[in-house]
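Before any comments, here is the structure.
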Amino acid sequence: MAHCGRRNADEALALALATGQTLRDAAAATGIGERSTGERRHAGATRSPPPLATYLGRVIAAITSSSLRCNTRLFRSNSWSSSASEAPS
């Protein structure tokens, strides 16, 4: 897979590794040296997530926490437990 520039090389490398190729095979397929391939793989694993991903993670955590609190209140409320125990007519 040919690449043009570092960003495209990183994407090509990520794709090659994601499809199960070894570092050596991924290096050969992308035209990147084996040593650079290992360094880029390690750098990608330690790189901090982009700000949008961090923000979305926090939003999802807040929504999950809020829904769990609502469900807990619903299960503990007397109105729900009394209506659930009534037999249907």
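The values are calculated or read from the model by the stated rules, or taken from the named source; none is laboratory data. All values reported here derive from a predicted model rather than from experimental measurement. Every residue, glycine among them, receives a Cβ derived from its backbone with ideal geometry; neighbour counts consider all protein chains shown.
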Within the stretch 16-32, which residues are among the polar types (S, T, N, Q) and crowded, with 19+ Cβ neighbours inside 10 Å? THR30
Show me the helices (runs of 4 or more DSSP H) found entirely inside the chain where at least 1 residues are of a type in the set (Ser, Thr, Tyr) and at pLDDT 80 or above. 23-30, 34-46, 51-76
